[in-house]
């Protein structure tokens, strides 16, 4: 029952985290920052604009992207199969890419191309994380992971490679080339306006919950360790966001695959000796 | 029901366009977003995308080639929207009034709501102007607003309003 309530309010929790993050980012830059509930003010304002629509496929793909992402996080809360969840997440990213290709706008196509390249960069690492959990537990089931002890000591390099991917998923520097605001005017988001942009904005909030629940997986049984890990990842990602510049898309793929994939493979190879 | 209009002034998103300016007023606008005069505490985001903005900040006297672009950008902003003319050049042409290469100010092409004087303006004036523009924005309706010159009419196909390619192309010898 509690789980069903949590699933229904996932965007609201994600919105509060997103708003809080803007405040933390502003304080790090010696500014004050917007109010914490700012994402919800943005949402109400976007609902009140004149709707612009190009074609219906564009909107439907964006809607599918958000709904499938919501379902993906709901599946994590209900404790289902981890590998299956990663593939459902891949499906929602593919919907976003298709939304970008469904209009005849150059910036949209560029954004979709870059989004596909980032999928090539981070997807192997997510799968290797699932395999790491499988080698120790014998099953991909998330409820087993939550029932046993914390595996952070056995899977520490995998945790580091997850922290490497977090800036890509949350669209932060140095890995935010896929929706680069100043270069390609937002990438896939360029042709969305009003209530349709609200759909993508809300999907961004749900993505926060998805990533932080993957971080929670490494804490296993203890909730306190999960919160400590989440706060650590939150602060590190914001610090890196404020202090680095954006890397080019080809360098993004090379850096993430070189560092992340090698760390993850070393961990999997080391697990065979445990 | 739920009053959505009060939220318009809580999250104004800005599009900043330079219509031939000397960049002085542009630098002052960017200074508003820096830590000293922090505009982001009002929820202001500088988006580069006209489809996601409410406030259109224009600097510069309108040069020949930027006339079509101003009209095109203005029609791509969804209603309700406000236009703020930043700097003397955008208001009346500034020091270049009457010259052969500029149109005197942007209010020959698009309807302007707030004029901010100064050459170059200061960030305090820009913040005052944006706050005044938010008060104007709160009273606006979602009726489609048209530019004043150089535009084609929007078409109505099957009850859906189409607004594409709204700026009339200007020939070079006119």
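Taken together, the values in this text are just the output of simple stated rules run on the coordinates, not laboratory data. Just so we're clear, the structure is a prediction, and the values are computed from it rather than from any experiment. FYI the Cβ positions are ideal-geometry reconstructions off the backbone, even for glycines, and counts take in every protein chain you see.
Going through (1) more than 16 Å from residue A:200 (Cβ to Cβ); (2) out of contact with any strand residue (DSSP E or B) (no Cβ under 8 Å at 6 or more places or on another chain) one by one, residue A:82 falls short only on (2). Restrict the check to the stretch B:45-64 and report whether at least one residue is facing chain A (nearest Cβ under 9 Å), in contact (Cβ under 8 Å) with a residue 60 or more places away in the chain, farther than 25 Å from residue B:167 by Cβ and not in a helix (DSSP H, G or I). Checked the stretch B:45-64: no residue is facing chain A (nearest Cβ under 9 Å), in contact (Cβ under 8 Å) with a residue 60 or more places away in the chain, farther than 25 Å from residue B:167 by Cβ and not in a helix (DSSP H, G or I).
Within the option set A:163, A:247, being closer than 25 Å to residue A:98 by Cα and either touching a strand residue (DSSP E or B) at 6+ places or on another chain (Cβ under 9 Å) or in contact (Cβ under 8 Å) with a residue 40 or more places away in the chain (or both) holds for one residue only, A:247. When we screen B:143, B:157 for residues that are within 13 Å of chain A (Cβ to nearest Cβ), surrounded by fewer than 16 Cβ atoms within 10 Å (Cβ to Cβ) and farther than 20 Å from residue B:12 by Cβ, the only hit is B:157. Looking across B:137, B:125, one residue alone is more than 14 Å from every other protein chain (Cβ to nearest Cβ), assigned to a helix (DSSP H, G or I) and in contact with a strand residue (DSSP E or B) (Cβ under 6 Å, 6 or more places away or on another chain). It is B:125.
In the stretch B:160-174, the qualifying residues are those that are over 24 Å from residue B:80 (Cβ atoms) and in contact with a helix residue (DSSP H, G or I) (Cβ under 7 Å, 6 or more places away or on another chain), and the one that is farthest from the other protein chains (Cβ to nearest Cβ) is B:170. Looking at A:22, A:31, just one residue is within 11 Å of chain B (Cβ to nearest Cβ), assigned to a helix (DSSP H, G or I) and free of Cβ contacts under 8 Å to residues at least 24 places away in the same chain, and that residue is A:22. For residue A:190, state whether it is over 17 Å from residue A:22 (Cβ atoms) and within 14 Å of chain B (Cβ to nearest Cβ). Considered against the rule, which asks whether it is over 17 Å from residue A:22 (Cβ atoms) and within 14 Å of chain B (Cβ to nearest Cβ), residue A:190 comes out as yes. Here residue B:30 meets the list (1) buried (at least 17 other Cβ atoms within 10 Å of the Cβ); (2) in a helix (DSSP H, G or I); (3) within 14 Å of chain A (Cβ to nearest Cβ) almost entirely, failing just condition (1).
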